[in-house]
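The values are calculated or read from the model by the stated rules, or taken from the named source; none is laboratory data. None of the values given here were measured: they were computed from a predicted structure. Neighbour counts are summed over all protein chains in view; Cβ atoms, including those assigned to glycine, are modelled from backbone coordinates with ideal geometry. To get the accessible areas, we keep the full protein, side chains included, count just its heavy atoms, and leave off ligands, DNA and RNA. Shrake-Rupley method; radii C 1.70, N 1.55, O 1.52, S 1.80 Å.
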Amino acid sequence: MAAKTVYIIGGPTASGKTGLAIALAKHFHTSIISADSRQCYKELTIGVAKPTEQELAAVPHSFINQFHLSEEVNARIFEEAAMGFVKKIFDKNPVAIMAGGTGLYIKAFCEGLDQVPEIDPVLRRQIRDNYAQHGLAWLREEVRIKDPAYWLKADQMNPQRLLRALEVKEQTGQSILIFHEQKKPARDFSIKKIGIDLPRERLYAQINHRVDTMMEEGLLEEAMRLLPYRHLPALRTVGYEELFAYFDGKYMLPQAVDKIRQHTRNYAKRQMTWFRRDTTFTWIKGNSLSEALSKFGLKK
């Protein structure tokens, strides 16, 4: 029996991950698991660059159009779902494809997540209200006093990680480091990662073109339909937030579109910073199937 393998395609938005994933899936006669934290929502389409109906019909996709906006989706839910999808794929084919730009989802799938307990929503709201009122200086001092072991290793300018550490300490009485040190589950399949790294000028040009295409395809109308749900976490997303601000009168429409382009470029830069930290990625300068297969040591 052939060895079970998941080929993962990562990289920034608008770099060509979907096209390469479909080409690879066709090459191996297999399916794709989307590692995108927004394409999983049924109500979001244009603004999240969801694969077209033709692309979805060409190759089976999982973790797309699976949830409603009101449902919580996070890395743990993705990990559990993706492991189930992989098992089903492996029943028929030794190869699965995963593609997406949500680095945390890919990390969760590859490595597993720390088994951190659920946090009481009342406690979480209290801590976050205090942070909103008193700011980063308060948060840093709380973590320094209450979890000094973590404080010495922490990114002390990252409020999300500091908030998480404080929540865990208050909930369990233990340092979050205890949960970080727990043994993570082993995977019974191999994982090979390839990243798309375009020259910056080309990537930015593709981002700008994509934004223009989204507007032509009806992003403004989609954002208007979603306006009643703007308070939901899933809609704190580039493309929608700027148009909501336009509806509020904060921007003229051309300015809002420029903001979408700018914020998308900023997001792409953050994605590359994340993926570059993962030394297990092999990088290609484009989304060519033949180049990807070559990097994986395979023939077309």
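For Lys169, the conditions (1) of a type in the set (D, E, K, R); (2) open to solvent by 70 Å² or more (accessible area, probe 1.4 Å); (3) not in a loop (DSSP other than H, G, I, E, B) all hold with the exception of (2).
Checked against (1) modelled with pLDDT of 95 or more; (2) surrounded by 15 or more Cβ atoms within 10 Å (Cβ to Cβ); (3) assigned to a helix (DSSP H, G or I), Met224 passes all but a single condition, namely (2). Residues that are open to solvent by 60 Å² or more (accessible area, probe 1.4 Å), out of contact with any Asp or Glu (no Cβ under 9 Å at 6 or more places or on another chain) and in contact (Cβ under 8 Å) with a residue 12 or more places away in the chain were ranked within region 133-155; the one that is farthest from Leu113 (Cα to Cα) is Arg140. Among the residues of region 112-128, the ones that are exposed (fewer than 15 other Cβ atoms within 10 Å of the Cβ) and either among the small types (Gly, Ala, Ser) or out of contact with any Asp or Glu (no Cβ under 7 Å at 6 or more places or on another chain) (or both) come to 8 in all. For region 65-78, a residue qualifies if it is modelled with pLDDT of 95 or more and crowded, with 19+ Cβ neighbours inside 10 Å, and exactly one does: Phe78.
When region 11-69 is examined, which residues are found to be assigned to a loop (DSSP other than H, G, I, E, B), touching a residue at least 12 places away in the same chain (Cβ under 8 Å), among the hydroxyl-bearing types (Ser, Thr, Tyr) and more than 18 Å from Pro233 (Cα to Cα)?
Initially, region 11-69 is screened for residues assigned to a loop (DSSP other than H, G, I, E, B), giving 11-16, 29-31, 35-40, 42-45, 49-52, 59-60, 63-66, 68-69.
Filter again for touching a residue at least 12 places away in the same chain (Cβ under 8 Å), leaving 11-16, 29-31, 35-40, 42-45, 49-51, 59-60, 63-66, 68-69.
Narrowing the set further to residues that are among the hydroxyl-bearing types (Ser, Thr, Tyr) leaves 13, 15, 30-31, 37, 45.
Of everything in region 11-69, those that are assigned to a loop (DSSP other than H, G, I, E, B), touching a residue at least 12 places away in the same chain (Cβ under 8 Å), among the hydroxyl-bearing types (Ser, Thr, Tyr) and more than 18 Å from Pro233 (Cα to Cα) turn out to be Thr13, Ser15, Thr30, Ser31.
Taking first residues from region 189-211 that are part of a helix (DSSP H, G or I) and surrounded by fewer than 20 Cβ atoms within 10 Å (Cβ to Cβ) and partners that are hydrophobic (A, V, I, L, M, F, W, C) and modelled with pLDDT under 95, no Cβ contact under 6 Å between residues at least 6 apart in sequence or on separate chains turns up. Just one of the listed residues (Arg276, Arg230, Arg261) is loosely packed, with under 14 Cβ neighbours inside 10 Å and without any contact (Cβ under 8 Å) to a residue 60 or more places away in the chain, and it is Arg276.
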